[in-house]
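The values are calculated or read from the model by the stated rules, or taken from the named source; none is laboratory data. Not measured: the values here are computed from a predicted model. Here Cβ is always computed from backbone atoms with ideal geometry, including for glycine, and neighbour counts include all displayed protein chains.
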Amino acid sequence: MRSTTFRAIRISFWSGLGLLFVLGLFLMIRMPGKSFHGTAAPLSSDETALREELIAHVQKLGGEIGERNLRRYAQHQAAAQYIENQLTASGWNVRRDEYEVHGQSCSNIEAELPGASPEIVLIGAHYDSVPGAPGANDNGSGVAALLALTRRFAGTHNSRTLRFVAFVNEEPSYFQTTEMGSFVYAARCRQHNDPISAMISLETIGYFSNQPGSQKYPMLGLDLLYPRTGNFIGFVGNVASRSLLRDVIGEFRRHAQIASEGGALPATVPGVGWSDQWSFWQHGYPGIMVTDTAPFRYPYYHAASDTPDKLDYDSMTRVVAGMEKVVHHLANASR
């Protein structure tokens, strides 16, 4: 009788633990709305103009300027100046958030539009590239999206303050260190008690594939939960940023004509913290990453072959058009 009772207890314990695991997993990956399926409508005239903007920015950063980091300091400075010039031309007042690394001046580049509330919605993208790579997708695509969004929000009136930041030094050897541009920036935001309610990192958003098996994952089992074809845009956050993630992907799915997947996963899962949102997590801010999943899909990741001709600009345009709706929503959502 005693052994039967203990066996029943063990079964109940492991069954309960399994149920909690399934429930937790469900809460992490279950997202509102429905991902777009089917054939997208042709780009509108506005979207066609957006596509041309994105191409021009990527070609400038990932083509003409090319590799840009502290080892290629002249190109690094040229990229920073290009971003500042583009923001200024769109009507923004630009501030350089500067710091030094081994005697070299580095700049995060900020443009802010005050809203009725001081609460801040921050959109960011890093503009450096890894040594040895021109960085068309990583992260010329994210910066191109950032610049296109700033052009569309210049001079608008919003309930919340909008802040756009191009970050320096995201790539190794500064990645996830105190010299990472976004880490320096987020630390200063925390020192100033900046009320950042949402941080969105635009990270490698230009590569899509309809080839079966083109999408890989960092952990066994995730391919049972997510598609194995890399034709979607991903929304990724840590567990603490789940509310923000759900809000963003829900709004995106209401408007965008491109497939989307999302997950609020533990930061220990490889890839989840692989961009500038990680820096904001370290300082207590909610943040998510918008990404084509980079090394889990893109065959030219961190390579000399990461050139502008590799990107799918129609899909990238649909991502940015959807993100324009998301930014407007976040900047004007009621509390």
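Condition first: at pLDDT below 95 and either more than 30 Å from LEU113 (Cβ to Cβ) or touching a strand residue (DSSP E or B) at 6+ places or on another chain (Cβ under 6 Å) (or both). Can you find one or more residues in segment 224-231 that meet it? Step through it out loud before you land on a result.
Filtering segment 224-231 for residues at pLDDT below 95 gives 224-225.
Within this subset, residues satisfying the condition of being either more than 30 Å from LEU113 (Cβ to Cβ) or touching a strand residue (DSSP E or B) at 6+ places or on another chain (Cβ under 6 Å) (or both) are 224-225.
Yes, the conditions are met somewhere in segment 224-231.
Restricting to segment 186-210, and then to whatever is surrounded by 24 or more Cβ atoms within 10 Å (Cβ to Cβ) and of a type in the set (Ser, Thr, Tyr), can you tell me which residue is farthest from ILE55 (Cα to Cα)?
Top of the filtered list is SER201.
Taking segment 305-335 as the search range and keeping residues that are buried (at least 19 other Cβ atoms within 10 Å of the Cβ) and of a type in the set (S, T, N, Q), which one is farthest from LEU54 (Cα to Cα)?
THR307
Could you list, ordered by first residue, the pairs with Cβ atoms under 7 Å in which the first is in segment 44-57 and within 15 Å of VAL143 (Cβ to Cβ) and the second is assigned to a loop (DSSP other than H, G, I, E, B), at least 6 apart or interchain?
Short answer, once both residue conditions are applied: none.
Name the residue, out of GLN211, GLN191, that is over 20 Å from ILE29 (Cα atoms) and without any contact (Cβ under 8 Å) to a residue 12 or more places away in the chain. Reasoning before the result, please.
Working: GLN211 fails: without any contact (Cβ under 8 Å) to a residue 12 or more places away in the chain.
The unique qualifying residue is GLN191.
Would a scan of segment 69-77 turn up a residue that is in a helix (DSSP H, G or I), without any contact (Cβ under 8 Å) to a residue 40 or more places away in the chain, under 30 Å from ALA240 (Cα atoms) and of a type in the set (Phe, Trp, Tyr)? I'd like the intermediate steps shown before the answer.
Pass one, segment 69-77, residues in a helix (DSSP H, G or I): 73-77.
Those left that are additionally without any contact (Cβ under 8 Å) to a residue 40 or more places away in the chain: 73-75, 77.
Checking which are under 30 Å from ALA240 (Cα atoms) leaves us with none.
No, the conditions are met nowhere in segment 69-77.
Mind checking which residues of segment 118-144 are surrounded by 15 or more Cβ atoms within 10 Å (Cβ to Cβ), under 19 Å from ALA331 (Cα atoms) and either of a type in the set (Ser, Thr, Tyr) or over 15 Å from the mean Cα position of the chain (by Cα) (or both)?
Scanning segment 118-144 gives GLU119, ILE120.
Quickly run through segment 182-223 and pick out the residues that are out of contact with any strand residue (DSSP E or B) (no Cβ under 9 Å at 6 or more places or on another chain) and among the small types (Gly, Ala, Ser).
ALA187, GLY206, GLY221
Any residue at all in segment 251-266 that is under 19 Å from GLY322 (Cβ atoms), part of a strand (DSSP E or B), in contact (Cβ under 8 Å) with a residue 40 or more places away in the chain and polar (S, T, N, Q)?
Scanning segment 251-266, I find at least one residue that is under 19 Å from GLY322 (Cβ atoms), part of a strand (DSSP E or B), in contact (Cβ under 8 Å) with a residue 40 or more places away in the chain and polar (S, T, N, Q), so the answer is yes.
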